[in-house]
1. With the structure loaded, tell me whether residue 507 is modelled with pLDDT under 85, closer than 16 Å to residue 582 by Cβ and either open to solvent by 50 Å² or more (accessible area, probe 1.4 Å) or touching a strand residue (DSSP E or B) at 6+ places or on another chain (Cβ under 7 Å) (or both) or whether it fails that test.
2. For the condition surrounded by 16 or more Cβ atoms within 10 Å (Cβ to Cβ), among the β-branched types (Val, Ile, Thr) and at pLDDT below 80, what is the one hit in 376, 407, 389?
3. Out of everything in the stretch 35-75 that is surrounded by 16 or more Cβ atoms within 10 Å (Cβ to Cβ) and of a type in the set (D, E, K, R), what residue ends up being farthest from residue 407 (Cα to Cα)?
4. Under the condition of being in contact (Cβ under 8 Å) with a residue 24 or more places away in the chain and charged (D, E, K, R), which residue from the stretch 49-75 is nearest to residue 264 (Cα to Cα)?
5. Can you give me the number of residues within the stretch 112-128 that are within 19 Å of residue 92 (Cα to Cα), modelled with pLDDT under 80, open to solvent by less than 100 Å² (accessible area, probe 1.4 Å) and of a type outside the set (S, T, N, Q)?
6. Residue under question is residue 348, and the condition is that it be farther than 11 Å from residue 391 by Cβ, without any contact (Cβ under 8 Å) to a residue 60 or more places away in the chain and buried (at least 19 other Cβ atoms within 10 Å of the Cβ); does it hold?
7. Determine whether the stretch 304-315 contains at least one residue that is in a strand (DSSP E or B), polar (S, T, N, Q) and exposed (fewer than 13 other Cβ atoms within 10 Å of the Cβ).
8. From the residues in the stretch 209-225 that are open to solvent by 30 Å² or more (accessible area, probe 1.4 Å) and not hydrophobic (A, V, I, L, M, F, W, C), which one is modelled with the highest pLDDT?
Amino acid sequence: MEGVIKFSAEGKQRKDAINEHILVCLSSSPSNERVVKTAVRMASGFGSQLTALYVRTPEHEAMAPEDSKRLENHIRIAEAAGAETVTTHGDDVPEQIAEYARLSGATKIVIGINTAGRRRLFSKPSLTERLFELVPGIDVHVIPDTGSLGAYYGKKGPFKRAILPSRKDMGITVALLAAATAVGLLFQRLGFTEANIITVYLLSVILISILTRGFTCGVLGSFASVILFNYFLTEPRLTLRAYGSGYPVTFAITLAASIIAGTLAARLKAQAKLSAGDAFRTKLLFETNRILQGAKSEREILSITASRVSKLLNVDTSVYFADEKGLASGMLFFAGGEGSEQAPSEGSDFEAAQLAYSGKKESGTGTKPLKSIKFVYTPIRAGESVCGVLGIGAAHRGTDASEKGIVQSILGECGLALENLRNAKGREEAAVLAKNEQLRANLLRTISHDLRTPLTSISGNADTLLSNRAVLDDETADRLLSDIRDDAEWLTGLVENLLSISKIGDGSIRLDVSDQIAEDVLEEALRHIDRESVNHTIKLETGCEPILTRMDARLIIQVIVNLVNNAVKHTPAGTLITVRAVQEGKQAVISISDNGQGIPDELKEKVFEMFFTGDNNVGDSRRSMGLGLPLCRSILEAHGSGLMLDDNVPSGCVFSFKLPLSEVDLNE
């Protein structure tokens with residue numbers, strides 16, 4: 001019993017470990033590398049999923065270059081450990097972390113905390129304290145951060161992260177405050193109340209927050225608006241004193257309202273900017289997915305991927321294509337969509353691409369800091385195999401987390417498109433194999449069935465002649481010999497059709513095209529018609545002038561013989577069969593028509609299918625394998641033409657095809 005209980009407990013523990021999802025928070029803090037590595041060890045120990053989250057705030061653009069490099073390095077460490085990197089946008093970092101943790105089903109959050117100072121009385125809660133409040137059901141693992149950059153983004157407070165106002169921003173601030181003061185003086189002359197004048201200053205503060213960068217000008221405008229209102233629009237004027245006892249309260253409320261309104265306007269502006277960026281990236285991904293799904297080959301998919309990344313980052317990119325032997329040729333795409341050219345197939349960059357392909361991991365600038373390497377190479381995967389290597393210009397090494405996430409998404413779309421293309425090719429190949437197997441089975445079945453009758457006839461007639469030659473009269477002996485010859489000729493024609501079909505199918509047949517007179521070719525073909533044609537009337541019709549055409553005479557004779565024999569076999573005795581050659585424009589039209597019972601509409605397409613024999617009255621059926629018409633169509637397609645089937649009025653059918661006229665004029 002104890003063993004069973006122990007086994008069940010271990011099984012439950014393994015199951016819980018499998019269901020774990022660890023979320024590690026990324027930042028530019030120097031000690032965040034230790035936070036990421038701790039999360040990696042936890043994920044490895046639990047055998048669980050690991051996600052690295054970076055929250056991009058409006059102040060991200062003001063991040064120092066060294067902080068950006070550290071952040072990029074932390075992202076690389078997480079990706080190298082197999083973590084999925086995700087970038088979200090917002091100005092409330094703990095709220096964004098908590099919301100993503102809830103949506104993704106994270107069970108543990110790993111984050112760093114600054115231990116250099118303690119929270120003062122009445123100060124706002126720290127990031128980790130907010131997390132404890134927002135995600136009470138998720139374990140939060142806090143890693144002490146003793147570095148100089150203790151906050152999530154390296155510096156505390158939005159105002160400290162805000163950039164200094166530019167001259168343009170200061171000019172806008174002064175101009176709007178001056179305009180608000182002028183409007184206030186005008187309103188005071190017109191007898192408007194002070195509440196109306198205060199709203200004018202509030203409006204100016206909101207406009208300042210919208211038209212300038214950061215929070216600095218908005219806050220300065222809030223203080224300045226209160227001072228200007230007191231100095232110019234309250235008694236005594238041109239002083240900072242006020243007679244009314246309630247003015248200090250009014251000024252305080254106005255200042256608070258201005259600061260709040262300005263801060264909210266600046267935040268809305270920043271959020272609108274982030275939303276516009278998200279919309280652009282979403283549109284880019286949708287367009288990339290649509291374009292990739294329309295690609296017809298792996299090379300086209302890889303080229304589209306490199307081109308889209310080049311447009312996104314505005315940087316040179318390269319892509320190398322893989323084949324059975326390894327990396328082959330490649331393409332370079334220039335920033336701004338300025339064209340492309342062949343990528344070098346040797347040198348340090350090609351060696352770095354080879355290293356990324358063979359090692360199935362990133363290589364090049366950033367992993368091996370060699371000045372001669374211009375790109376950072378990333379393998380492009382389709383399932384477990386590597387289909388190519390994408391190189392991103394070293395000039396864009398500082399790609400931020402958001403753009404890096406988009407690049408990873410595009411690579412994911414590329415991999416999915418490659419898998420879909422391979423799956424489609426696999427289905428097509430399976431369908432072709434199934435069809436070939438069906439054709440092979442039909443061929444074996446038909447050959448075994450159709451060869452049995454003539455071979456039995458030949459064997460039986462030969463035995464009769466050998467055994468009873470002395471007692472047979474001449475007429476009977478001649479008839480038996482004639483039957484043997486007919487069956488042998490039929491077998492010879494069958495073998496020729498099979499050989500012709502196989503040669504045309506594998507492309508080994510070569511046309512010997514020359515200028516031929518159509519009438520001579522038709523007459524030669526009619527000399528090879530089966531002797532059964534004596535029961536039919538065969539008529540040859542040509543124009544008064546000879547028609548000179550371009551053709552392989554030997555194959556066209558085979559086409560005409562097959563079509564006429566087909567008409568002979570499948571029409572009643574006494575039927576009129578007309579072989580006609582006429583000139584239409586720059587083409588010669590050759591047709592074989594009969595006045596038999598014709599072919600039903602539902603069978604007109606099927607008669608061109610290999611091994612289709614229909615019934616005994618229609619379509620290449622009597623002692624036939626159904627190869628004649630498919631062979632004729634294949635020969636004519638090799639000539640750049642086609643075989644057409646139409647009804648003959650009032651009865652029967654017409655097979656026709658067109659051949660180009662020779663450029664030589666016989667009248668010259």
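The values are calculated or read from the model by the stated rules, or taken from the named source; none is laboratory data. As the structure is a computational prediction, the values presented were derived from the model and not from experiment. Here the Cβ is made from the backbone with ideal geometry for all residues, glycine too, and neighbour counts use every protein chain on show. Accessible surface areas use protein heavy atoms only, side chains included; no ligands, DNA or RNA. Shrake-Rupley method; radii C 1.70, N 1.55, O 1.52, S 1.80 Å.
1. Details: modelled with pLDDT under 85: yes; closer than 16 Å to residue 582 by Cβ: no; either open to solvent by 50 Å² or more (accessible area, probe 1.4 Å) or touching a strand residue (DSSP E or B) at 6+ places or on another chain (Cβ under 7 Å) (or both): yes.
For residue 507, the condition - modelled with pLDDT under 85, closer than 16 Å to residue 582 by Cβ and either open to solvent by 50 Å² or more (accessible area, probe 1.4 Å) or touching a strand residue (DSSP E or B) at 6+ places or on another chain (Cβ under 7 Å) (or both) - is not met.
2. Values: 376 fails: at pLDDT below 80; 389 fails: at pLDDT below 80.
On inspection, the qualifying residue turns out to be 407.
3. This residue is 37.
4. 59
5. 3
6. Values: farther than 11 Å from residue 391 by Cβ: yes; without any contact (Cβ under 8 Å) to a residue 60 or more places away in the chain: yes; buried (at least 19 other Cβ atoms within 10 Å of the Cβ): no.
No.
7. To start, the set of residues in the stretch 304-315 that are in a strand (DSSP E or B) comprises none.
No.
8. Checked the stretch 209-225; the qualifying residue modelled with the highest pLDDT is 216.
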